[in-house]
Structures are given as C-alpha cells and as structure tokens.
Amino acid sequence: MSKLNGYGKRITALALVAAMTVSFTACGGKNDAENASQPAVSKVSDPMAKYDQPVTMNVGRQIGTNARLPKGDTFENNAYTRTLKDKLNIVIKDAFEANGEDYDRQVSLAMTGNSLPDMLVVDSRNDLKEMVENDQIADLTDVYNSYASDKIKEIYDSYKDVFSGGAFDKCTFDGKIMGLPDVTGDSGSNIVWVRQDWADKLGIKLDEDGDGCLKLDELKSLAKQFVEKDPGGTGKPVGIPVQPYPTNGDNDGGSFTLTGIANAFNAFPKRWQKDANGKVVYGTTTNETKEFLTTMAGWFKEGIIDPQAGTRTWDDCQGLLVNGQTGIAFGMWHMPDWCLNQVKEKDPKAEFHCYAIADKNNKVNFMHVAPHEKYVVVRKGYEHPEAVIKILNLFYDQLKGKNASTVMPNIDEALKMDDSTRPINIELLDADFYLRSYEQIMAGAKDKSKIDDIDVTADKLYAKEIANYNKDPKAATTQEWSHYNSRVFGLGLYHSLTQKNMFNWQIPAFTGTTDSMESMWTNLDKLENEATIKIITGAEQPSYFDTFVKDWKAQGGDQITSEIEKQAEK
C-alpha cells in the first residue's frame, strides 16, 4: 500500500484534531516559530564541546518493531542516550513514540497543531516542504557549516558526482538547508539469489566464465529446470516468484521483483531518466520497458514466472522460498541477513549464490543511489539547533569510526539493539561506503591484526564472524552463515563488477514530487501497476503497452514531466 500523499495526510490529521484533544506538553506546548529568530552562529573551535548545563531535546521517536532493549532500558534511557548525556550533556525526551503509519499520523498531528517536537525525522519531501511553507522548522545552513565534522561533510559531499544537485538538493529551499537527508550509499545492482545446492544437485553449471553474471537465457533455463525437476521435492515448484508490484523504484530495486531483469533491457521502470536526447522520461513508458514486459509475458506462458504473479504478497513469496518451492529470489546484496537465513534455519543443507543479470553487451545496468526522502528537521525557535549536528557527529562519526570503543566502551552490546534506539534513526553512508566496507571486512577476516584498522564497529564484528565461518562452515551459526553470504557473496559481487568495470551506471534524472504529483500520482501509479501485471500475465497483449503510455501521458504524465523539466531548468 502506498503512503498517503501530503494532502490526504493533512485531511486525516485535521479530522483527528477535531475528534480529540491532543496534548504535546513534552514538546513545550505551542510552537512560537512565527515570532522566533534564528540564533546567531559563528565558527566554533570545538564542535563537540560538552554543554555546561543539561540541554533537553524533545524528539519524535520513530521506533522499530523489535527494539531488543535490555531489561529495564527504554527508548529514552538506554546505552545510546546515556552516552549522549555523558559526552555532550544532551538529555533526550520522547514527545511521542510510534512506528510506521502511526508515526506518520503523529507527525501530521504535530504539523497541523503547530506543535512540532524539537527534533524529528520526516519520511516525505511533501511533509518537509509543508513545514518550510508554514515556517515551522529551522534553517540549518549555519549550524551545519559551523558544527558538522569533516567526516559528516565528506559523507554528504560524496553524492555530488552520483546525484544531480548532490545530497542536499531536495532539502534546500531558497539556498537554505532545511533538513538533513538520509543517505545510504551505492550498493550495486538488483541481483538474483539462487539455491546453489539445487543447481549442483541437478548438475547445472552457472556463470562458467566466472564474471559473476548470468545472461537472460541462462536464468530462464535455470528456472525452467527448477520447475520441471522440483529439487525441493514439494510437488508444487514455482519458477521466479513475483510480489504484487513486479518492478520497484527504490534505490535497491526491491525484493521478489523483476527489476534486475528489466535493467538487463536497459529499462528502468518507476524511475525518471534521461533519454538519448537528454530529455527527462519516465522509465516505465520507454520502448525498453515494452521489450522487457513482452519478454516476461512469454516467460509467464512457459511457466518461468510464478503463475500467481501479481496476487502473492511479499510474505507469500518469502514462504515459497522457505518452504522449498522456489530456489530463485531477486533482491539486494543483504538478503541472507533477513530472508535467506530463514531458509537456512529450516533446511541446513541450503546454500545460495548470487548473480547479476547482464545485458546483451555484458554490462550490468543500474542507477546511482538517490538520497532517501527522509530528513532530520529541527523546530524553528528551538534554542540549540546545533545540538542536532553534535548528535550526528557523535553517532555517525565518532561511534562509526575505528576508535568507537574508546568513546563508548559497551558499543558491542549497544549494536545488538535496533537502530531506532538511537536518538536519530537515519543512515549516513558515503556513496562508496559498501566497496570500502567489503575490502576492510575481507582484510580483517583474513588477518585478525587488521581488524583494528576497520572504520566501522559493526564491520569488525562481521570480519570476526566470517573468520569463524571459514574455520569450520559446518559448525557456524546461522548468523555467521548469513553475514558470510551477504558480505563475501553479496558485497563481493558488487566489488567484483566494479573492479571489472562491468557496471553501466546512470544518474537519476529526478526523484521527489511536483505540484501535480500530489493530486495525480496515485491514479497514475495504479494505472501503471495494473498495466504491467496485465501484460506479464497475458490479461492484455503486449500491444496494450502503447495504450497504457497514451493514457498515462493524457492523465497527467505529460504535465508532471513538464514540471520536472522546468525544475531541472531552474
């Protein structure tokens, strides 16, 4: 289910405000942003100086479903918040705690009631834009420039060459930084994970040239043999499982989608791209996407694609994998950590290997990462906006670095908790983070004397787990197995393809929203999803694609494209 657009969320919030009396006393009551002036900021010699007196920060807390908090700890009082108090004298108080859509509703209520907490994370640019227009949040330009550590600035600066406008493009208004974006780094193409033990059992040789890639014919043949020979022995084998939305516009291409196959046609469904003439086009409307859908329709007829494609939920697809009905799953490099590990738990003999899907020129097509539409914002009028930058410095520089244990001696235990236990739950990774991470983990796994040279504390743990796995794979825990597979195979494939110069990278032409999108996109997205699944499953012939494109353009697509082009010109 897609999120409510900004307009819909405001209506929902207004209704809730009318229906109940909402108190945000922890936020300090009504926001007096209209009359508040921004504190003057000058260059500081020590951006991590501890406050003489406690500084209280009321936050909107986006909690996880499994916080893994030690007994007696809370979101307000845990290893992370205690470290923050000890190092900077900043005291965290939660204005509200919520997850998923409940969190979105709390944000909407705070916006509508003009009662924002001192700091919170917003999950859409629409919300960010509305906060800016309503003068509810602080201009962070000066405090960022004055307080952000060199490492934090390096992270954000790394996106200048991979995303048009850089990391701050979508959160800068009239030259002012109004939010701090979540950035996750390039992590390679959408890949296919294969039950390697099944392939070996059937004598199927994959990737015989060793470049880490499969061609479309190889993938088709593999799926066909898995269906015909049923190596899982269930009597109900399925080829390539597909969730309700066959393609995905997220940076990683999604899981249980056909995005990795689409990219092999140089098609980028659900992404905005530049055509050969430099014009902005919506990837789902291109001839390359038509070719991809036509091919998938043929595969569906042959039983290569799941016969229930478009009707299975994501959980259904995962169930097929865990139950041994399929041995093929498209997704990200880290699927072993949260999906394939469940297969291993049920079937200890299960082994996986991953491959990229190459195009006819033996290139792997993919788009550079775009900053997420997730931003840290500060209430206008909050006395210490620089405190938010100090928190970023502490948690995303000092506690991510090789000397983290000297700053927080119990960090290994803290890392076992969910990220939502940190005062700010975002990712801050430079564009090349995962390539460097792979190199350091592998060096540490091979030579334990190099573990101390690893930049990221969590990566030190992965290096140790991989070293343990290498000593005796049969005695390894499921966690050691999953981290071995995700790093050695998943990140290893990304690193190998980079070293061999096999990627054909594109820069996203546009991400975000335009004015017309707020009212038109829900209908256009529904039109696209229905047309895609109808063509794949044969409910419509491939020629229907032309009708879809015509309708998409007429029902708002052309207008939105024009708005994007005008934004690009500015």
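The values are calculated or read from the model by the stated rules, or taken from the named source; none is laboratory data. Note that this is a predicted model, so its numbers are computed, not measured. Ideal geometry is used to build each Cβ from the backbone, glycine not excepted, and the neighbour counts take in all protein chains shown.
Brief remarks on what is shown
- Annotation note: Cβ proximity below 6 Å between a residue of the range 70-94 that is without any contact (Cβ under 8 Å) to a residue 40 or more places away in the chain and a residue that is assigned to a helix (DSSP H, G or I) (sequence gap 6+ or interchain) occurs for Val91/Lys85.
- The residue pairs whose first member lies in the range 259-278 and is under 11 Å from Asp359 (Cβ atoms), whose second member is in a helix (DSSP H, G or I) and among the acidic types (Asp, Glu), and whose beta carbons are closer than 7 Å, counting only pairs six or more residues apart or on different chains, are Phe265/Glu288; Phe265/Glu291; Asn266/Glu288; Ala267/Glu288.
- Candidates Asn485, Asn504, Asn468, Asn529 - the one that is of a type outside the set (Asp, Glu) and more than 30 Å from His353 (Cβ to Cβ): Asn529
- Condition met for Leu88 (touching a Lys or Arg at 6+ places or on another chain (Cβ under 7 Å) and of a type outside the set (Gly, Ala, Ser)): yes
- Residue match in the range 29-40 (condition: hydrophobic (A, V, I, L, M, F, W, C), modelled with pLDDT under 95, surrounded by fewer than 15 Cβ atoms within 10 Å (Cβ to Cβ) and under 30 Å from Glu133 (Cα atoms)): yes
- Among (1) touching a Cys at 6+ places or on another chain (Cβ under 8 Å); (2) modelled with pLDDT of 95 or more - the single one Glu291 does not satisfy: (1)
- Where Asp252 falls short, out of the listed (1) touching a helix residue (DSSP H, G or I) at 6+ places or on another chain (Cβ under 8 Å); (2) more than 20 Å from Leu527 (Cα to Cα): (1)
- The set of residues in the range 283-307 that are closer than 21 Å to Ser221 by Cβ and among the hydroxyl-bearing types (Ser, Thr, Tyr) comprises Thr294, Thr295.
- Scanning the range 286-294 finds no residues that are of a type outside the set (Phe, Trp, Tyr) and either closer than 30 Å to Val488 by Cβ or not assigned by TED's automatic domain parsing to the domain that holds Glu530 (or both).
- Qualifying residue in the range 182-197 (condition: surrounded by fewer than 17 Cβ atoms within 10 Å (Cβ to Cβ), of a type in the set (Phe, Trp, Tyr) and touching a residue at least 40 places away in the same chain (Cβ under 8 Å)): no
- Consider the range 66-101 and keep the residues that are outside any loop (DSSP other than H, G, I, E, B) and over 26 Å from Glu383 (Cα atoms). The one that is nearest to the chain's Cα centre (by Cα) is Gly100.
- Any hit, the range 243-256, residues being closer than 30 Å to Glu565 by Cβ and either among the hydrophobic types (A, V, I, L, M, F, W, C) or assigned to a helix (DSSP H, G or I) (or both): no
- Some residue of the range 315-329 being free of Cβ contacts under 8 Å to residues at least 24 places away in the same chain, over 22 Å from Ile535 (Cβ atoms), assigned by TED's automatic domain parsing to the domain that holds Leu216 and not basic (Lys, Arg): yes
- The residues of the range 360-414 that are crowded, with 17+ Cβ neighbours inside 10 Å and of a type in the set (Asp, Glu), listed by number, are Glu373, Glu386, Asp397.
- Of note, Glu302 satisfies the criterion of being at pLDDT 95 or above, surrounded by fewer than 21 Cβ atoms within 10 Å (Cβ to Cβ) and either over 25 Å from Asn485 (Cβ atoms) or outside the structural domain of Ile536 (by TED's automatic domain parsing) (or both).
- Filtered residues of the range 525-545 (kept if of a type in the set (Asp, Glu), free of Cβ contacts under 8 Å to residues at least 60 places away in the same chain and either part of a helix (DSSP H, G or I) or not assigned by TED's automatic domain parsing to the domain that holds Lys301 (or both)): Glu530
- Which numbered condition Asp455 fails, given (1) in contact with a Ser or Thr (Cβ under 9 Å, 6 or more places away or on another chain); (2) within 22 Å of Cys354 (Cα to Cα); (3) not aromatic (Phe, Trp, Tyr): (2)
- Filtered residues of the range 102-116 (kept if touching a residue at least 24 places away in the same chain (Cβ under 8 Å) and assigned to a helix (DSSP H, G or I)): Tyr103, Asp104, Arg105, Gln106, Val107, Ser108, Leu109, Ala110, Met111, Thr112
- If the condition is being touching a residue at least 40 places away in the same chain (Cβ under 8 Å) and either over 30 Å from Gly165 (Cα atoms) or touching a strand residue (DSSP E or B) at 6+ places or on another chain (Cβ under 8 Å) (or both), then the range 549-559 contributes Trp552, Gly557.
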